[in-house]
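Chemist: Quick one: the structure is below, questions incoming.
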Amino acid sequence: MEIPSKYTPAEVEEKWYKYWTEQKYFHSEPDERESYTIVIPPPNVTGVLHMGHMLNNTIQDILVRRARMTGKNACWVPGTDHASIATEAKVVNKLKAEGIDKYDLSREEFLEHAWEWTRKHGGIILEQLKKLGASCDWERTAFTMDETRSESVIKIFIDLYNKGIVYRGVRMVNWDPAAKTALSDEEVIYKEVKSKLYFLKYKIEDEDGFVTIATTRPETILGDTAVCVNPADSRFSHLKGKRVLVPLVNRSIPIIEDDYVDIEFGTGCLKITPAHDINDYEIGLRHNLPVIDIFNDDGTLSKAAEIFIGEDRFDVREKIVPKLEKAGNMARIEDYTNKVGFSERTDVAIEPKLSAQWFLKMDELAKPALENVLNDTIKFHPPKFKNIYRHWMSNIKDWCISRQLWWGHQIPVFYLSDGEFVVAETAEQALKLARKKTGNPNLTLNELSQDEDVLDTWFSSWLWPISVFDGIRKPGNPDIKYYYPTSDLVTAPDIIFFWVARMIIAGYEYKDLYPFKNVYFTGMVRDAQRRKMSKSLGNSPDPLDLIAKYGADGVRVGMLLCSPAGGDLLFDESLPQQGAGFSTKIWNAFRLVKNWEVSAEIEQPEYSKLAVEWFRNKLGEVIETLDSQFGQFRISEALMTVYTTVRDEFSGWLLEIVKPPYQQPIDTKTYAEVVELFDQLLRLMHPFMPFITEEIWHLLTDRKEGKSIMISQLPKVEKYDEEMLTAFENVKEAISGIRNIRKEKNIPNKDTLELKIQKGDKGYEADFAPVLQKLANLSALEMVSDEVKGASSFRVKSTNFYVPMEGLIDVEEERNKLEEELKYTKGFLDSVMKKLSNERFVNNAPEAVIAKEKAKQADAEAKIKVLEERIASLK
C-alpha cells in the first residue's frame, strides 16, 4: 500500500475516535478484573474548553488508557456541573437582552428558560473533549441536576439535618451583590487594592470635643451603632460612659470599651457597624448593640441609611467624602493598601452581611478527612499540598450551603405560616410531617411554602464519586461496590477546598472510606509572562484551533512537555508545534521501516543482531523507568522518557544501524524484529498519543477486525542486561568521536576511515565492533599499543582512539590552522592572568567573578595542552 508522505491528524483522529466509540472500548461494566476508576472534575454545563481543561483531561486520559492497557477494567466517568451562580447569571443576561427581568417571571417560568439554555449549550464541552481523544465512558455521563444526582443531594441534606449538623441561623455571610446570594468563605478571593484611609471626627455629645476614627469605607458610618476603645487605653479614659454623634445623620451612639481594640493601630478608636463587619458583629453581640443594615441585596443603600437611599455603595463612597469635608468631619485622607474580598464567580467586591442561611457543621465531619490525608491513606501529588490542606482543615468553619438563586437544588424545607418548618424529600411527604407536627389533619399543601433558596453547587459535586454510581440512593448496587473507591483524581489546586476536601469528607461520612487513593494536582496554565490565561487578557488560545493546527496528539504532548505536578505550565505555541514535530518524527520512522524492501535470501548481519539485542534490553530499562515514573505521578517525565527513547534510541540509533545500504533490501529476520520492537514502542506511546499510534499500529502489520492498540497489553518489565546498556553507551561515544573528526576535518561520510585503538581498561567494546564499523564507515579497525602520530584522536573512558589523517587532509594547512588557534588561546590566557595578578581586582571583585576568571584560566590551559599535542602529532 502507498503510505502518505505526511501524517494528516484531522482525518486520522475522526476515523479512530468513531471506531473506538462504535466498538464500545470506552465502556466499562463490573467484572472479575481489578477496576481502575477516575471521575472527571465536572466542568460547568455551559462552559467551553479552555487550556486548563486541556491539561487536566490529557493527564486523566493518559492514566485511564495506561490502566486499560495493563489489564484493568478502566472506567472514566464524564459529566457536567449545573454551576448555579454562573449559569443563572448567563440566563439572566440572556433574558435581559430580550427585555425580560428575572423578577417579572415566576420561579417555574425562569427555570424553563434555564433548562432551555442548558439543553442548548450544555454538553458542548464534553463534545469538545472528544476532539482531544478523551476515552470517557460516555454512556455513564452524569449531570449534577439530573434525576439521580438531584435525588441524592436532597437525601443527603435531609440526612445531615436529621443528624443535627445542618442548621439554620442568622450569621454574618459573604454577600455577592451582583449575584444577590451568599457565598462560602472558599468562594471569596482576596486581592490587594489601592484604597484610601479616611480619618473622621465624631462629635462628643453635649461637649465641644471630637474622637477620630479611621476607616476605608466612609459610606458604612451610616450603619454605626457605637465607637469602641480599649479599656486599658488611658488616652480615652475620660470618655467612659459618654456618647458621640454619627456624622451627617447625627445619630447618638455610645462609646463602649472592649479588649478587641488594638491600642497601637490607627487612632485607637474603632467605629462599630455590626451589620457589615464580622468583628463588629461579634462586639455588637457582646455589648447588645442594635444592628442597622444599610445595604439592599444589590449593594445599593437601603432606607435604614437615611441618606443616599437607592444609590450604589461605591457611588456613595465618592459622594459622602465632600459632604463630610463640608460638615467639618473629615480630619485627613491617606493612601492605603488593603486586601478586599471579591466574589470568585462575579469578581465583585463582597459585602459582609447579616443573613438567615443554612449551614453545615464541619468540625467533626472534617476529622477523618484530615487524618487520612496526613497519614497518606490518601496521597497528594506533589505532597506540598498536604500543608495547605492541613492548615485549612484544622481551621475549618461551618459551611454556608444556601444560595439566594433559583437555578439549583431547591432546599427541601417547607414552612408553616407560624415560621415552623419540616424537612422532606417531596411536598407530599412534607405535608404528612407537617400534619403530624401540628396535630392538624386538615392541613393542605397550600399552607406550606418551600424554602426559596437553593443549595450551593458544591453541595452536589462533593458527592460526585459516590453519586455518579448512584451510591446514595442505592448504597449496595453493583456499580458502587465495584468502582468505589475510585483510583485517582486529577484536579487543579485552586479547588482543593471547594471540592477535594469536601469529597473526602463525604466519602468518610457516607462510605466510611476514602473516595480516591491519589490526588494529582496539575499546575495553572499561564502564558510566557506568567500571567493566568484569560479571555480578557486575550492570551488564551482556543484549544480547538490548536488541535486543528497541530493535531490532538501534538497538543497533548505540547501540554505535558513542561508540566510538572503542581507546577505552573508556561504555555507557548512552540510547545504543540514541538508535539506536532514529534508526530512527524514517528511517522517518518514508520515510513522508513515500511518502505524497506525485504528479502528472505539475506542472512542477518551481525551489526543488526547486536542492535536489536541492545534495543530490546534498552526497552526493558525504559519500561521499568516508566513504571516508576507513573507510580510517582511524574507524568511529564514519563512523556520525556518515551520522547527521547523514540527520537534518540529508536530513530537515532537502532534504525540507523539496521538500515540497509542504499537501494539494498533488509533481511527478513531484522525486519520482523524491528516491526515487533516498533509495536512495543507504539504501545508505550499510546496513552500519550492515542491517534497516531493507533494509525501506525494498524498499518505496521495485518490486524484482525475489532482489534485496537488501546486494548492491547502494555509491554511488561523483563530482565535486562545493564552491562550491555553501559557498553553501548561507550560505543555511542566512540561513534560520536569519529563523527566529530569528520565534521572538523570536512571528511564526507561516504569516505571510509581507519580506526586504531589503544585499549585501556574501559571504553572499547569489542563485542560491538560490527556496529562501530558500520556507523563510522570504517575500512579497518586495528588494536595498537602505542600512540599513533599524525592522527586525530579522542578518548572514551581510558581508551584512546586514533583516526589516521594521511591522505585525508592537507597536513600543512591543518598545522597552520591549529597554530593560529593556539596563538589566539595563549593571548586569551594572558589577558585572564593579567586580571588575576592584579591585587586590586582580586581584593575588590566578588568571589563569583574571581571564580569565573579562574575557570576561564583552567579551560584555556586545557585547550592549549590539547592543541599542542595535536600540533606535535602532525610533525
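The values are calculated or read from the model by the stated rules, or taken from the named source; none is laboratory data. It should be emphasised that the depicted structure is a prediction, and the values quoted were computed from it without experimental measurement. When we count neighbours, we look across all protein chains shown, and the Cβ atoms used for this are built from the backbone with ideal geometry, even at glycine. Side chains are part of the model used for accessible areas, which takes the heavy atoms of the whole protein and leaves out ligands, DNA and RNA. Shrake-Rupley method; radii C 1.70, N 1.55, O 1.52, S 1.80 Å.
Chemist: Work out the FRET efficiency for ASP859 and GLU656 from their Cβ-Cβ distance, taking R0 = 45 Å, and round it to the nearest 0.05. Before the final figure, lay out each step's value.
Modeler: Working: r = 33 Å, r/R0 = 0.73.
That gives a FRET efficiency of 0.85.
Chemist: So if we plug the beta-carbon distance of ALA872 and ASN777 into 1/(1 + (r/R0)^6) with R0 = 35 Å, what FRET efficiency do we get, rounded to 0.05? Each step should come with its number before you reach the end.
Modeler: Values: r = 28 Å, r/R0 = 0.80.
That gives a FRET efficiency of 0.80.
Chemist: I've got another one for you. Please report the antiparallel percentage of DSSP beta bridges with both residues in the chain, rounded to the nearest 5.
Modeler: Bridges in the chain are about 70 percent antiparallel.
Chemist: Let me ask something else about it. For VAL796, enumerate residues with amide H under 5 Å from its amide H, sequence gap 5+ or separate chain, H modeled in the peptide plane.
Modeler: When sequence neighbours closer than 5 places are left aside, the close amide H contacts are PHE801.
Chemist: What do you reckon, how do ASP315, ASP453, ASP137 stack up by accessible area (1.4 Å probe), largest on top?
Modeler: Working: ASP315 80, ASP453 25, ASP137 0 Å².
Order by accessible area, largest first: ASP315, ASP453, ASP137.
Chemist: Could you work out the relative contact order of the chain, using alpha carbon pairs under 8 angstrom and six or more residues apart, expressed as a whole percent? Provide the component values of the computation, followed by the final result.
Modeler: Numbers: 1457 pairs, mean separation 105.6, N = 875.
Reported as a whole number, the value is 12 percent.
Chemist: Any idea what angle helix 51-69 forms with the longest principal axis of the chain, computed on alpha-carbon atoms, 0 to 90 degrees, nearest 10?
Modeler: 60 degrees
Chemist: Which whole-number value in Å² is the accessible area per residue of segment 119-207, probe 1.4 Å?
Modeler: On the way: 3920 Å² over 89 residues.
With the other protein chains kept in place, segment 119-207 gives 44 Å² per residue.
Chemist: Then there is this: Sticking with the crude label model, points 7 Å out along Cα→Cβ, report the distance from ARG815 to GLU729 in nm, one decimal please.
Modeler: Going by the 7 Å Cα→Cβ label model, 4.0 nm.
Chemist: Order of 273-283, 242-252, 331-341, 5-15 by packing, highest average Cβ count within 10 Å first?
Modeler: Ranking the peptides 273-283, 242-252, 331-341, 5-15 by packing returns 273-283, 242-252, 5-15, 331-341.
Chemist: Whole number in Å², please: accessible area per residue of segment 491-581, 1.4 Å probe, ligands, DNA and RNA not counted.
Modeler: Values: 3440 Å² over 91 residues.
Computed with neighbouring chains in place, this is 38 Å² per residue.
Chemist: Answer with a single label: of (1) 11, 36, 33, 15, 4, 0; (2) 14, 47, 32, 6, 0; (3) 12, 31, 29, 18, 9, 1, 0, which was calculated as P(r) over Cα pairs in 20 Å bins from 0, in percent from the structure in view?
Modeler: Looking at P(r) over Cα pairs in 20 Å bins from 0, in percent for this model, the match is (3).
Chemist: Here's another thing I want to ask about it. In terms of the Cα gyration tensor, with a ≥ b ≥ c the square roots of its eigenvalues, is segment 341-470 rounded because a/c is under 1.5, prolate because a/b exceeds b/c, or oblate? Walk me through the numbers before you get to the answer.
Modeler: On the way: a/c = 2.59, a/b = 1.88, b/c = 1.38.
Prolate, because a/c is 1.5 or more and a/b exceeds b/c.
Chemist: Let me ask another. Counting only protein heavy atoms, what percent of the accessible surface of segment 213-341 is carbon or sulfur at a 1.4 Å probe? Write down the numbers at each step before the final one.
Modeler: On the way: 3040 of 6240 Å².
Heavy-atom surface of segment 213-341 belonging to carbon and sulfur, 1.4 Å probe: 49 percent.
Chemist: Helix-only mean residue ellipticity at 222 nm, the chain, DSSP H runs n ≥ 4 weighted -39,500 (n - 2.57), per residue, nearest 500. What is it?
Modeler: Working: 28 runs with 366 residues, N = 875.
Computed ellipticity for the chain at 222 nm equals -13500 deg cm²/dmol.
Chemist: Which angle from 0 to 90°, rounded to the nearest 10, does the C-alpha axis of helix 606-631 make with the longest principal axis of the chain?
Modeler: 20 degrees
Chemist: In whole Å, what three semi-axes, largest first, describe the equivalent ellipsoid of segment 273-315 built from its Cα gyration tensor (square root of 5 times each eigenvalue)? Intermediate values should be presented prior to the final figure.
Modeler: Values: eigenvalues 101, 21, 9 Å².
Rounded to whole Å, the semi-axes are 22, 10, 7.
Chemist: What number comes out for the charge environment of VAL771, summing +1 per Lys or Arg and -1 per Asp or Glu over other residues with Cβ under 12 Å away? Please list the in-between numbers first.
Modeler: Values: positive: LYS609, LYS732, LYS774; negative: GLU606, GLU613, GLU656, GLU765, ASP767.
Taking every Cβ under 12 Å from that of VAL771, the sum is -2.
Chemist: Next question. Give me the 1.4 Å probe accessible area per residue for segment 701-815, excluding ligands and nucleic acids, in Å².
Modeler: Working: 6610 Å² over 115 residues.
I get 58 Å² per residue for segment 701-815.
Chemist: Using the per-residue mean of other Cβ atoms lying within 10 Å as a proxy for protection, in what order, highest first, do the peptides 402-415, 787-800 fall?
Modeler: Answer by packing, highest mean first, reads 402-415, 787-800.
Chemist: Take the Cα atoms of segment 723-875, build their convex hull, and give its volume per residue in Å³. Show your work: numbers first, answer last.
Modeler: Numbers: hull volume 21.6 nm³, N = 153.
Normalising the Cα hull of segment 723-875 by residue number yields 141 Å³.
Chemist: Using a 1.4 angstrom probe on the protein heavy atoms only, could you order LEU829, LEU270 from most to least accessible area?
Modeler: LEU270, LEU829
Chemist: At R0 = 22 Å, how high is the FRET efficiency between LYS102 and GLU452 if r is their beta carbon distance? Nearest 0.05 is fine. Numbers along the way, then the final one.
Modeler: Numbers: r = 13 Å, r/R0 = 0.59.
Computed FRET efficiency for LYS102 and GLU452 comes out at 0.95.
Chemist: OK, next. What ³J(HN,Hα) values, in whole Hz, does the Karplus curve 6.51 cos²θ - 1.76 cosθ + 1.60 give for segment 573-589 when θ = phi - 60°, with x put for Gly and Pro?
Modeler: Listing the rounded values in order: 5, 5, 5, x, 4, 5, x, 5, x, 5, 4, 4, 4, 5, 4, 5, 5 Hz.
Chemist: For segment 595-603, in order, what is each residue's ³J(HN,Hα) by Karplus, 6.51 cos²θ - 1.76 cosθ + 1.60 with θ = phi - 60°, in whole Hz (x at glycine and Pro)?
Modeler: Coupling constants for segment 595-603: 8, 5, 7, 10, 10, 8, 7, 9, 6 Hz.
Chemist: To continue, here is another question. For segment 454-568, what's the relative contact order in percent, using C-alpha pairs closer than 8 Å and at least 6 residues apart?
Modeler: 24 percent
Chemist: Report the dimensions of segment 629-780 along its three principal axes from the alpha-carbon atoms, largest first, rounded to Å.
Modeler: 55, 41, 28
Chemist: Just the projected area, averaged over all directions, of the convex hull on the alpha carbon atoms of segment 470-593: how many nm²?
Modeler: With every direction weighted equally, the projected area is 11.4 nm².
Chemist: If you don't mind, another one. Could you work out what % of the accessible surface of segment 78-203 is carbon and sulfur, using a 1.4 angstrom probe and leaving DNA, RNA and ligands out of the count? Please list the in-between numbers first.
Modeler: Values: 2850 of 5570 Å².
Summing carbon and sulfur atoms, their accessible area is 51 percent of the total for segment 78-203.
Chemist: Sticking with this structure for a sec: Packing-wise, with mean Cβ within 10 Å as the measure, how do 468-475, 818-825 rank, highest first?
Modeler: Details: 468-475: 19.0, 818-825: 14.5.
Ranking, from highest mean packing down: 468-475, 818-825.
Chemist: Next question, about the same structure. Whenever you get a sec, compute what percent of the accessible area on segment 627-692 sits on carbon and sulfur atoms (1.4 Å probe).
Modeler: Details: 1130 of 2180 Å².
Ligands and nucleic acids excluded, carbon and sulfur reach 52 percent.
Chemist: I've got another one for you. Return the sequence-ordered ³J(HN,Hα) values of segment 34-46 in whole Hz as given by the Karplus equation 6.51 cos²θ - 1.76 cosθ + 1.60 applied to θ = phi - 60°, using x for Gly and Pro.
Modeler: 5, 8, 9, 10, 10, 9, 5, x, x, x, 4, 4, 9
Chemist: To the nearest 10 degrees, how steeply does helix 147-162 sit against the main Cα axis of the chain, on a 0 to 90 scale?
Modeler: 50 degrees
Chemist: Against the globular-protein guess of 2.2 N^0.38 Å, express the Cα radius of gyration of segment 13-154 as a ratio, rounded to two decimals.
Modeler: Working: Rg = 17.8 Å, N = 142, 2.2 N^0.38 = 14.5 Å.
Expressed relative to 2.2 N^0.38 Å, the Cα Rg reads 1.23.
Chemist: Rounded, prolate or oblate: which one fits segment 85-204, using the alpha carbon gyration tensor with axes a ≥ b ≥ c (rounded when a/c is under 1.5, else prolate when a/b beats b/c, else oblate)? Write down the numbers at each step before the final one.
Modeler: On the way: a/c = 1.80, a/b = 1.53, b/c = 1.18.
Judged from the Cα gyration tensor, segment 85-204 comes out prolate (a/c at least 1.5, a/b above b/c).
Chemist: What is the projected area of the convex hull of the Cα atoms of segment 10-56, averaged over all directions, in nm²? Could you put the intermediate results ahead of the total?
Modeler: On the way: hull surface 21.1 nm².
For the Cα atoms of segment 10-56, the hull's average projected area reads 5.3 nm².
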